[in-house]
Amino acid sequence: MTDSRIDPEIAAAVAQLEADGWLPMTREDVGEARRIYRELALARRGDTVPAVGPVHDDVVVGLPGTDADVAVRVYEPHGEQAAITVVWLHGGGWVLGDLDTGDASARRVCAHLGATVVSVDYRLAPEHPHPAPLTDAHAALRWAATLRPSDRLVVGGDSAGGGLAAGAALLARDFGPRLDAQLLLYPGLDPSMSRPSVAENADGPFLTRADVAWFWERYLPDPSLRGDPSVALLAAEDLDGLAPAVVATAELDPLRDEGRAYADALEAAGVAVRRLEGTGLVHGWFGLGAASAAARAEGDRALDALRELLAG
């Protein structure tokens with residue numbers, strides 16, 4: 001039975017995805033899951049992707065002590081340039097996704113804010129479990145800080161990318177570069193999966209508890225790392241001095257309560273936080289704007305909240 005709280009356009013879109021065999025996102029074979037996720041991401045772009053200015057691919061030299069370089073895609077806005085650079089980390093459970101699957105979201109951030117966006121093709125689990133994706137995110141953040149040094153610097157992402165953004169913000173506080181804000185859209189922050197929303201929304205829609213467990217098992221195959229505060233952000237004891245944050249969640253998302261709890265923890269540490277919770281929305285709503293006016297509007301609110309945070 002369809003949850004009566006769900007936005008009708010989202011409900012119709014999810015039902016069609018299920019009917020067409022796109023869901024669930026996770027499969028026994030990682031390669032097959034990646035193929036399906038990529039095809040789905042490209043198919044659901046629709047005609048709502050905004051125009052931006054020049055786009056080019058580049059390569060970031062990895063952090064000292066690593067042997068990996070990081071591919072990035074740099075987007076410049078069309079028209080007036082704001083003095084903002086956003087390092088964008090795509091979703092996909094740390095296992096799925098690439099620069100192409102994150103393209104529409106990066107373009108939206110670029111166009112809405114008039115910002116330079118650096119989209120990061122971080123390494124993926126299970127071939128490269130934690131901390132490799134986070135190391136790549138931090139390397140890209142340090143590189144982006146040199147791209148336009150006078151810009152206000154933001155790290156942001158959705159889902160797993162939101163979790164990486166939060167972890168990168170923690171590393172940036174301790175090791176640089178200086179951050180001006182973080183944009184965390186329905187972030188993955190709690191490998192314990194113990195919060196009520198995980199059970200409440202165990203069957204989705206869109207993201208299920210089984211999906212969440214599949215992702216965490218591949219990203220954190222070593223159980224001893226499940227308390228590492230750079231990935232289990234709710235276990236971090238010291239959040240003082242972190243960059244101001246927009247934390248956006250979704251009412252019908254298994255990850256809803258960890259986002260809420262992290263916003264609480266940031267506020268308790270004296271960090272400025274702007275909160276949003278998409279009523280009737282599901283995990284992944286930032287990428288569902290082509291299907292839902294409510295999802296598009298929530299994305300606009302999140303980006304407007306970021307702009308206001310930077311202006312304040």
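The values are calculated or read from the model by the stated rules, or taken from the named source; none is laboratory data. Quantities reported herein were computed from a predicted structural model and do not represent experimental measurements. In this analysis, Cβ positions are derived from the backbone assuming ideal geometry, glycine residues included, and neighbour counts consider all displayed protein chains. SASA here: full protein model, heavy atoms, side chains in, ligands and nucleic acids out. Shrake-Rupley method; radii C 1.70, N 1.55, O 1.52, S 1.80 Å.
Table for the structure above
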read-out	value
One residue from 72, 86, 60, 109 being modelled with pLDDT under 95 and under 19 Å from residue 157 (Cα atoms)	60
Contacts under 8 angstrom Cβ, first residue in the range 9-30 being of a type in the set (D, E, K, R), partner assigned to a loop (DSSP other than H, G, I, E, B), 6 or more apart	9/291; 9/292
Criterion (in contact with a Leu (Cβ under 9 Å, 6 or more places away or on another chain), part of a loop (DSSP other than H, G, I, E, B) and of a type in the set (Gly, Ala, Ser)) met by exactly one of 125, 68	125
Residue that is least open to solvent (accessible area, probe 1.4 Å) [pool: residues in the range 1-43 that are among the charged types (D, E, K, R) and touching a helix residue (DSSP H, G or I) at 6+ places or on another chain (Cβ under 7 Å)]	7
Total residues in the range 104-161, condition closer than 25 Å to residue 285 by Cβ and charged (D, E, K, R)	4
Qualifying positions in the range 67-125 - closer than 20 Å to residue 41 by Cα and hydroxyl-bearing (Ser, Thr, Tyr)	75, 101, 105, 119, 122
Number of the exception - residue 150 against (1) crowded, with 24+ Cβ neighbours inside 10 Å; (2) touching a residue at least 60 places away in the same chain (Cβ under 8 Å); (3) not in a helix (DSSP H, G or I)	(1)
Residue match in the range 299-306 (condition: surrounded by 15 or more Cβ atoms within 10 Å (Cβ to Cβ), under 23 Å from residue 41 (Cβ atoms) and of a type in the set (Gly, Ala, Ser))	yes
Residue within the range 65-82 that is under 28 Å from residue 290 (Cα atoms), of a type in the set (Gly, Ala, Ser), within 18 Å of the chain's Cα centre (by Cα) and surrounded by 21 or more Cβ atoms within 10 Å (Cβ to Cβ) present	no
Those residues of the range 273-286 which are open to solvent by 20 Å² or more (accessible area, probe 1.4 Å) and farther than 13 Å from residue 184 by Cα, in sequence order	279
Any hit, the range 205-221, residues being within 26 Å of residue 82 (Cα to Cα), open to solvent by less than 50 Å² (accessible area, probe 1.4 Å), at pLDDT 95 or above and part of a loop (DSSP other than H, G, I, E, B)	no
Contacts under 7 angstrom Cβ, first residue in the range 181-201 being open to solvent by less than 10 Å² (accessible area, probe 1.4 Å), partner among the acidic types (Asp, Glu) and in a loop (DSSP other than H, G, I, E, B), 6 or more apart	186/253; 197/253; 201/253
Lone qualifier among 100, 121, 67 - being under 30 Å from residue 216 (Cα atoms), charged (D, E, K, R) and at pLDDT below 95	67
Residue check, residue 174 open to solvent by less than 20 Å² (accessible area, probe 1.4 Å), more than 20 Å from residue 27 (Cα to Cα) and either among the acidic types (Asp, Glu) or part of a helix (DSSP H, G or I) (or both)	no
Matching residues in the range 259-270 - criterion: being over 23 Å from residue 14 (Cα atoms) and open to solvent by less than 10 Å² (accessible area, probe 1.4 Å)	262, 263, 266
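For (1) open to solvent by less than 10 Å² (accessible area, probe 1.4 Å); (2) more than 21 Å from residue 57 (Cβ to Cβ); (3) in contact with a helix residue (DSSP H, G or I) (Cβ under 9 Å, 6 or more places away or on another chain); (4) assigned to a strand (DSSP E or B), each residue gets a yes or a no:
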site	(1), (2), (3), (4)
93	yes, yes, yes, no
96	yes, no, yes, no
111	no, no, no, no
146	no, no, no, no
157	yes, no, yes, yes
163	yes, yes, yes, no
